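This report refers to the structure that appears directly beneath it.
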Amino acid sequence: MSTEARKPPAQIALKIRRILGGKAGWNGVAVQFAFAAILGWIGYEIVSNARANLENQHIAAGFGFLRNNAGFDVNQTLIPYTGSDTFLRVFVVGLLNTLVVSVVGIFFATVLGFVVALCRLSPNWLLSRVGEIYVEIIRNLPLLFQILFWYLAVLAALPNPRQSISLLGIAFISNRGLVIPAPIGGSGLMPFLAVLALGIVASLALRIHARRALFQRGQVIRIWPYVLGLLFGLPLATMLVFGLPFTLELPQLKGFNFAGGSRIIPEFVALTLALSTYTAAFIAEIVRAGILSVHKGQMEAGSSLGLSRGATLRLIVVPQAMRVIVPPLTNQYLNLTKNSSLAVAIGYPDLVSVWAGTSLSQTGQAIEIIAMTMGVYLLISLLTSAIMSVYGWRVSRSLGA
Amino acid sequence: MSDITASAYVRQDLLTERPAPVKTTGFIGLVRTRLLNSPTNILITIVSALLLWFTIVPSVKFLFVDAVWTGTDRTACLTENGACWPYIQAKLPQLIYGFYPEAERWRVNLTFALAAVLLVPMLVPRLPAKAINASLFFFAFPVVAFFLLHGGGISGFGLSWTAGLLQLFDDSIIGAGQVLLNLSKTSAIAPLLWVLGSLIVLVGKAIYWLIFPLTWLRDQLEASGQSVWTDFAITTAVVSLIAFALGGGVRAGWRPLAWSLATFAAIAIVIKLMGLDHGGLSVVQTRLWGGLLVTLVVSVAGIVTSLPIGIALALGRRSSIPLIRIFSIAFIEFWRGVPLITVLFFATYMLPLFLPGNFTVDGLVRALIGIALFTGAYQAENVRGGLAAIPRGQGEAAAALGLSWWKTTSLIVLPQALRHVIPNLVNSFISLFKDTSLVSIVALFDLLGSLRASFADPKWSAPSTLFTGFAFAGIIYFLFCFGMSRYSLFVEHRLNAHRRN
């Protein structure tokens, strides 16, 4: 009497049921159908209403308007732009303005945020209180409030260009904005840039080589003198050979305004100030939490291994803190980029202001324009989160190894 | 014993007292150990003290010492270099009520008082009856506040609303079917479209006859004149009977029945008190609202509406049903990926295009819809964090007891999850409160918008009014946000009490 193992029951139907309806089975399939019907109904209503409304307002749907002439000026453009250019170019101009204010804001916010975090972690009681006061005040006031404060109250209260405040005689702040020296390219510019790029690439390669040597053979290679030479010595040498890469044109007060130099519009100054101080308060908290998250024993373990304090910080504490810091830090960078859309309140020509503001009121193409604006921000944030998930995957892989 | 004292190696005389150790507690200790313990630290202390001196002293001087306290227009503020408080005094009604008619402002005050009365007991953890309190704040208060602030009355009740809604739905189904039928005349896949269209029209017709008793009753009620109270009585009877039957019938249904009757009695009292059955209070258009009123209305409405949206989306995102999960993820990621200002632009310019042409939505309501969707997506992520923190065993235990998914979720999982994430929820309320200032960009006059509008008044244009206005609004914003953040810290400490050592 042989007892053969019974065959397992056929799984295929169960699997299909699981894929189609989840744990709820066929009930789940029914729920999905009802849900899809409701979604379809809402979508149908939206499309039919939008079509009827557009017909009533005599607006032609579609992206054809992008090739029309814009016919208005923008007071800060990174690429050449005149009023006779197309709406598509307006879009690009606005996008570039958004990106430039975000990048500058991110730079200052990071620097200020790390400084404030160090202040808050300082053993000095008074300094840590100063940091705490800064963080509490900045975090508990709306960003728009701060932007308007800087723009309407502080920058407008500055003197006019004739009495402008001079910063070491090279930059001037007045109620017309900030005037800084403008670099003018000289004969040595091209070789200088080429050598600089070469230096950066070579330093990166050296660093990769040194790390590989350290991790694979345990061999410590000192690279910083070479890096210093590559990054500074080589460009200096080129400068001596080919002449100065650029000269600085200092702004001069002529009549009622400045001649020469490049002028940064006050809207940009106010927006950068507000965005970077506001985000810095959040970054400070993130950095502080990250550094506090590394256990004290790590530092002690490092020193008991005979590492110097600097080496312990660099090789043991900071990498672990960075693992905690980087994801929320990226989130803050993303927030800053999204918050730069508040520029519309003070008229800085960013994407929302010139595109969803001026162009929308000129053309009336609400659906296309707002969809494009939202799409840009959505793309930026999806890209960032994709990069972040790759980063998280790498971190967890390196931890597992 | 005596030989010990006689031993040569035992000291006979007392040691001289050592000096007391350096004090490391209290103010002196603090100064010694954390301010002046090394040359670098002394330098840092001096620099920080200077920093504080150069920020705090001018601020205090501006706000109090040099301030102007009385005056009737700008001339009083031109001479001094301090804050111009008479300007705030003159603009205070505008900053709080906007252009709300002066005779009706008691309604706003009453709403604020009601909100405070409901909110304070809810926030104090020791007080009882949290469930009633929360349901009053989240369901009853918004309705009462709407009729208080906006005014107006009702012409029907549950029955008429249900009938109206069903009719709208049915009309839309029949409309869609008609469109398909029209399409089938020209399209290549005509028979298919015709069949589909006829089917949809047929379903619509069936629904029409199904809801015909309801619509007929509604029309009868409207013709009778006393529509509100009859409708109210019918709704009360129907809802109470349903509650009785679902609650367990004769065996256990008496409690739900009593609750339902009590709720409807309370609703009746509110309707009678506010005279909703004959017109209610006089209507105040929302474009007259402004100042702190709009700020609070937007934030409270955002809080009340975003929480259910967030819970639904969070549950949807954790659901195993594919379509619902995909939809929830897409919805959450979309709203979290765009800035609030584009959401407000969307609500202001795009939403009206999506609605039927004869259907206009108030500007404030449009902003509220945008904010609710936006905040809902953020709340969903908070709630999801709480759901993830609940051990699987909780749900499995409930399943072992034979509870359905709905009961498991609403009785076992959600209460624990929500309690976990109260601090996170409060933190998003803080950012929501700060973000309400953005509505001033889409032409609503909240606190910041009213402040900006008040700067334009030539009667008060003086150099110091700008700083005074910003100081005043800043103090209000700071008090609200700081209070909320302290509360969230307090709750966090309470929740983690067992983990502290």
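Structure notes:
- If R0 equals 22 Å, the separation of the Cβ atoms of A:ARG18 and B:LEU403 corresponds to a calculated FRET efficiency of about 0.50.
- Rounded to the nearest 10 degrees, the inclination of helix B:291-318 to the longest alpha-carbon principal axis of chain B is 80 degrees.
- The angle between the Cα long axis of helix B:322-337 and the longest principal axis of the Cα atoms of chain B comes to about 50 degrees, rounded to the nearest 10.
- Screening chain A for whole DSSP H helices with an alpha carbon extent of at least 18 angstrom along the helix axis and a mean Kyte-Doolittle hydropathy of at least 1.0 yields A:87-121, A:189-217, A:266-293, A:366-400.
- Neighbouring Cβ atoms from other chains, within 10 Å of the Cβ of residues in B:471-483, number 3 on average.
- Peptide A:130-143 has a mean shielding of 5, counted as Cβ atoms of other protein chains within 10 Å of each residue's Cβ.
- Per-residue shielding of A:144-157, expressed as the average number of other chain Cβ atoms within 10 Å of the residue Cβ, stands at 5.
- In terms of the mean number of neighbouring beta-carbon atoms within 10 Å, the peptides A:352-358, B:262-268 order highest first as A:352-358, B:262-268.
- Length released on extending from A:ARG6 to A:HIS209, taking residue separation times 0.36 nm less the Cα-Cα span: 67.1 nm
- Taking other residues whose beta carbon is less than 14 angstrom from the beta carbon of A:PRO142, and scoring Lys, Arg as +1 and Asp, Glu as -1, yields +1.
- Between A:PHE232 and A:THR330, full extension at 0.36 nm per residue minus the direct alpha carbon distance yields a gain of 32.3 nm.
- Here the dipole of segment B:1-67 is about 240 debye; that uses its Cα centre as origin and unit charges on the Cβ of Lys and Arg (positive) and Asp and Glu (negative).
- Helix-only CD estimate at 222 nm, as mean residue ellipticity for chain B, using -39500 (n - 2.57) per DSSP H run (n ≥ 4): -22000 deg cm²/dmol
- Of all lysines in the structure, the ones whose alpha carbon falls short of 27 Å from that of B:LYS459, not counting any fewer than 8 places away in one chain, are B:LYS61, B:LYS91.
- Net charge over other residues, Cβ less than 14 angstrom from the Cβ of B:GLN94 (K, R count +1; D, E count -1): +1
- Centre separation in Å (Cα based) which lies between segment A:209-225 and segment B:35-92: 55
- Most mobile listed residue (A:LEU379, A:LEU231, A:LEU351) in chain A, GNM with C-alpha springs under 10 Å: A:LEU231
- Estimated FRET transfer efficiency when R0 is 51 angstrom, pair A:ASN175-B:LEU241 (beta carbons, to 0.05): 0.10
- Selected from A:ARG51, A:ARG288, A:ARG120 as most flexible by GNM, with chain A as the system and alpha-carbon contacts under 10 Å: A:ARG51
- In plain terms, the residue of B:VAL47, A:VAL269, B:VAL297 with the fewest other Cβ atoms within 10 Å comes first and the most crowded comes last, giving B:VAL47, A:VAL269, B:VAL297.
- Tensor-based shape of chain A (alpha-carbon gyration tensor, a/c under 1.5 rounded, otherwise prolate or oblate): oblate
- Estimated FRET transfer efficiency when R0 is 25 angstrom, pair B:VAL270-B:ALA223 (beta carbons, to 0.05): 0.40
- DSSP-loop GluC sites (Glu not before Pro) across segment A:1-96, with at most 16 other Cβ within 10 angstrom: A:GLU4
- Dipole axis of chain B (+1 Lys, Arg; -1 Asp, Glu on Cβ), positive-most option in B:GLN167, B:TRP254, B:PRO86: B:TRP254
- Computed from Cα positions, the angle between helix B:212-224 and the longest principal axis of chain B comes to roughly 80 degrees.
- Centroid-to-centroid separation of segment B:415-491 and segment A:94-140 [C-alpha atoms, Å]: 20
- Mean Cβ count within 10 Å, highest first, over the residues of peptides B:80-89, B:238-247, B:430-439: B:430-439, B:80-89, B:238-247
- Rounded to the nearest 500, the helix-only mean residue ellipticity at 222 nm of chain A stands at -20500 deg cm²/dmol, with each DSSP H run of n ≥ 4 adding -39,500 (n - 2.57).
- Across segment B:56-67, computed HN-Hα scalar couplings (Karplus, 6.51 cos²θ - 1.76 cosθ + 1.60, θ = phi - 60°) run 6, 4, x, 5, 4, 4, 5, 6, 10, 5, 8, 5 Hz from first to last residue, x flagging Gly and Pro.
Any read-out appearing in this document is the output of simple, stated calculations on the displayed coordinates, not a laboratory observation. Small disclaimer: the values here were computed from a predicted structure and weren't measured. Here the Cβ is made from the backbone with ideal geometry for all residues, glycine too, and neighbour counts use every protein chain on show.
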